[in-house]
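Trainee: One structure, as structure tokens, below. Some questions next.
Rule-based calculations on the coordinates, nothing more; no lab input. For clarity, every value in this text was computed on a predicted model and none was experimentally measured. For neighbour counting, all protein chains shown are included, and Cβ atoms are generated from backbone atoms with ideal geometry for every residue, glycine included.
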Amino acid sequence: MTRRRRTLSEDDLAVWRQVAKTTNPLEKNSFGTTRLSENSAPDPEPQPIKSETANGVAGTPQKFRIGETAADHVGHTLLPTIQAQLAQQPLKMDARTFGKLKRGKLRPERKLDLHGMTLAQAHPVLNRFIQSAFADGLRLVVVITGKGRSGRDEGGPIPTPRGVLRHQVPGWLNAPGMQALVLQVTDAHARHGGAGAYYVYLRRGR
């Protein structure tokens with residue numbers, strides 16, 4: 001069985017002629033590769049990249065020179081404050097006792113002052129202090145960190161919050177190795193150090 005050869009209709013030929021008028025022939029160079037003829041249209045100029053603004057309207061990004069610093073109002077606080085993080089923790093101790101604790105009505109049985117220590121020095125000292133207090137059957141101790149130095153960050157590659165120890169101590173006390181000893185961590189009352197100290201309420205020893 002032979003296949004009948006298909007021919008183009010007059011309408012198809014008319015469309016093909018219109019398309020052929022808009023094309024440019026390719027020319028071979030001395031290397032055997034092809035290139036567009038001199039009559040071909042040049043590539044369109046690149047358009048500036050558009051970005052969406054806060055209200056969703058497209059716009060051109062603002063120019064930025066190397067060495068410039070971003071404006072203060074465009075900064076972002078990625079982490080909540082220490083007070084907010086502690087407030088989000090579930091209450092594990094007796095609510096009535098916790099209320100007395102927050103009002104400064106309970107007296108700490110032992111105190112640890114971490115002033116002047118580096119992170120590497122303070123961490124093992126804190127661990128030994130909590131372990132010793134737990135072994136002695138104490139329930140409430142206070143850890144003093146200080147509020148840290150005032151002033152802005154010095155602009156290093158990683159932002160440094162004010163009061164490095166103040167930010168690190170709650171995390172250390174809530175680490176897996178400490179959860180068997182520590183029941184609750186909260187800001188201390190003003191009479192016991194205020195925002196520069198933490199109450200650490202220990203679990204009851206078995």
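Trainee: Given labels modelled 7 Å from the Cα in the Cβ direction, how far is it in nm from residue 179 to residue 105?
Mentor: Between residue 179 and residue 105, the simple spin-label model gives 3.1 nm.
Trainee: For labels at residue 84 and residue 7 in the simple 7 Å Cα→Cβ model, what's the distance in nm?
Mentor: 8.1 nm
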